[in-house]
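Working notes for the structure below.
The values are calculated or read from the model by the stated rules, or taken from the named source; none is laboratory data. In this text, all values refer to a predicted model and were calculated from it rather than measured experimentally. All Cβ positions, even for glycine, are placed from backbone atoms using ideal geometry, and neighbour counts span all protein chains on display. To get the accessible areas, we keep the full protein, side chains included, count just its heavy atoms, and leave off ligands, DNA and RNA. Shrake-Rupley method; radii C 1.70, N 1.55, O 1.52, S 1.80 Å.
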Amino acid sequence: MNPALVMGRFLRHWRSWTPGMSQAHLASKVRDNGGSGVDEDTVGRWEGSPDNDGRPGQPPKNDQQLAALLKALANTNRASLTWRELDDFADLCIRAKGGRQFPAHARYGDDDLPFHAGVDAWARAAWDISSHAPERTDTIAFWAATTHLERAVEGQSGIVSQAQQMRQVIALATLRTALAHKHQTVGRFTVAEDTFKHNAEFIESWFGRWGRADHLSALDQRVQGAFSAEIGRPLAKRKGELLALSEVARQLDDPTTAAFAFLNGLAPTLAIEDFDAKVHACLRDTEAGDPTGGTLIGAHYCLYWAHAWQQRWEEAEAHLLACDRWPDEGMPAVLRHGAWGDFLFRRGSLPEAETRILRGLGLAQECGFLGQVRCFTDSLRTLETAKTSRPRK
């Protein structure tokens, strides 16, 4: 795909992440960040035509406009792009500028991707990278490939073989999952929720109610969508959607998904009957379905918070110590530092808590985990309040 097409279509798509973000609104934000001369028509030229065969987008005409646009993309509440995503978008704009001069050499992605015999395996490899190290993935490239596959699946019935069409369907479901996971990890929870729910409907349209697309299930997509919704809410406003889906998973004989939904659905405001018995069963089911042990550590992380909310500190600490087996990088390290910061704060060890919170904040900023950056920033404010309110010795 031509980079100018990808740039324009992605910018138009990005506006959909924030309800009410019109071209005029974006132009105003760009002007507020130093982009003089940018109006609604300018943004329209940046985005190009929404039609499949329409005109490509025209990148910002100078460094000042590009810098102002990048600032606007980075400061839009829960739709903000990370610094890595901003770098990728800026690179796309630069290549789009050159693409007008050298169209034969300006390619972004692979126009033939949907017709590759191994498109489903390629998508699975992309998903594996996203699930283990989402901070290293290219959001715009994922989105561009996903959009390309969507057009192929929607418009080529009867053009390709049934076997190739099924490979395209599985690849599309897989790439959407990777993209939704990236949104979730970054902290764009509403966008992640919508993407997971859309993917669940897509899988069901091809494989039936609660069907499966190779390694993906409609149920798991709905669980991940509910998870995105729950972690995007304050604890006091969580609704118990995951707990309800946990029961559905058990009825469908999917104990691993049931355990994940139960453990991640816990919150201080949600009363859980027979908590200890369910926890034991969830840990057993998680371990049985997780030969690598990574998901089991995640279960211990959830149980730290559950026992901390119940003020059962000995059990909470035991689960927290199990999290020290997580890798010391990426989201696992960020989550571990956050949990230790919470535990040390509650114990009154404020200097040690601050050290953990600052480590987590620095790593979250480096990886572009914007949701975690917000959490650590709030924790630092709480810590500062506690420090100033302590009686001096």
Among the numbered criteria (1) more than 22 Å from Ala318 (Cα to Cα); (2) open to solvent by less than 70 Å² (accessible area, probe 1.4 Å); (3) at pLDDT below 90, which single criterion is violated by Leu283?
(1)
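Conditions tested, residue by residue: (1) among the basic types (Lys, Arg); (2) more than 20 Å from Thr18 (Cβ to Cβ); (3) at pLDDT 90 or above.
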{"position": "Ile170", "(1), (2), (3)": "no, yes, yes"}
{"position": "Leu175", "(1), (2), (3)": "no, yes, yes"}
{"position": "Gln184", "(1), (2), (3)": "no, no, yes"}
{"position": "Thr195", "(1), (2), (3)": "no, no, yes"}
{"position": "His198", "(1), (2), (3)": "no, no, yes"}
{"position": "Leu216", "(1), (2), (3)": "no, yes, yes"}
{"position": "Arg222", "(1), (2), (3)": "yes, yes, yes"}
{"position": "Leu235", "(1), (2), (3)": "no, yes, no"}
Counting just the residues of the range 319-335 that are surrounded by fewer than 19 Cβ atoms within 10 Å (Cβ to Cβ) and among the small types (Gly, Ala, Ser), which one comes out nearest to Ala364 (Cα to Cα)?
Ala333
For the range 202-219, which positions are among the acidic types (Asp, Glu) and either over 15 Å from Leu175 (Cα atoms) or surrounded by 24 or more Cβ atoms within 10 Å (Cβ to Cβ) (or both)?
Glu204
Quickly run through the range 78-115 and pick out the residues that are at pLDDT below 80, assigned to a helix (DSSP H, G or I) and open to solvent by 90 Å² or more (accessible area, probe 1.4 Å).
Arg100, Gln101
Which residue is surrounded by the most Cβ atoms within 10 Å (Cβ to Cβ), if the candidates are limited to the range 220-250 and must be under 15 Å from the mean Cα position of the chain (by Cα) and among the aliphatic types (A, V, I, L, M)?
Val223
Please identify the pairs in which a residue from the range 78-100 that is in contact (Cβ under 8 Å) with a residue 40 or more places away in the chain has its Cβ atom under 8 Å from the Cβ atom of a residue that is part of a helix (DSSP H, G or I) and of a type in the set (Phe, Trp, Tyr), counting only partners at least 6 apart or on another chain.
Arg78/Phe189; Ala79/Trp14; Leu81/Trp14; Leu81/Phe89; Phe89/Phe10; Leu92/Phe10
With respect to Phe196, determine if the residue is of a type in the set (A, V, I, L, M, F, W, C) and closer than 22 Å to Gly371 by Cβ.
yes
Hey, can you tell me all the residues within the range 265-294 that are of a type in the set (A, V, I, L, M, F, W, C) and assigned to a helix (DSSP H, G or I)?
Phe275, Ala277, Val279, Ala281, Cys282, Leu283, Ala288
Of (1) part of a helix (DSSP H, G or I); (2) loosely packed, with under 13 Cβ neighbours inside 10 Å, Cys302 fails just (2)
For the range 33-51, enumerate the residues that are more than 28 Å from the chain's Cα centre (by Cα) and either surrounded by 13 or more Cβ atoms within 10 Å (Cβ to Cβ) or in contact (Cβ under 8 Å) with a residue 24 or more places away in the chain (or both).
Gly34, Gly35, Ser36, Gly37, Val38, Asp39, Glu40, Thr42, Arg45
Subset of the range 323-362, residues within 25 Å of the chain's Cα centre (by Cα) and of a type in the set (Gly, Ala, Ser), comes to Gly330, Ala333, Gly338, Ala339, Gly341, Gly360, Gly362
Would you say Leu296 is open to solvent by less than 70 Å² (accessible area, probe 1.4 Å), under 16 Å from Phe260 (Cα atoms), out of contact with any Leu (no Cβ under 6 Å at 6 or more places or on another chain) and not β-branched (Val, Ile, Thr)?
yes
Report, by residue number, each residue of the range 1-17 that is open to solvent by 20 Å² or more (accessible area, probe 1.4 Å) and at pLDDT 90 or above.
Arg9, Arg12, His13, Arg15, Ser16, Trp17
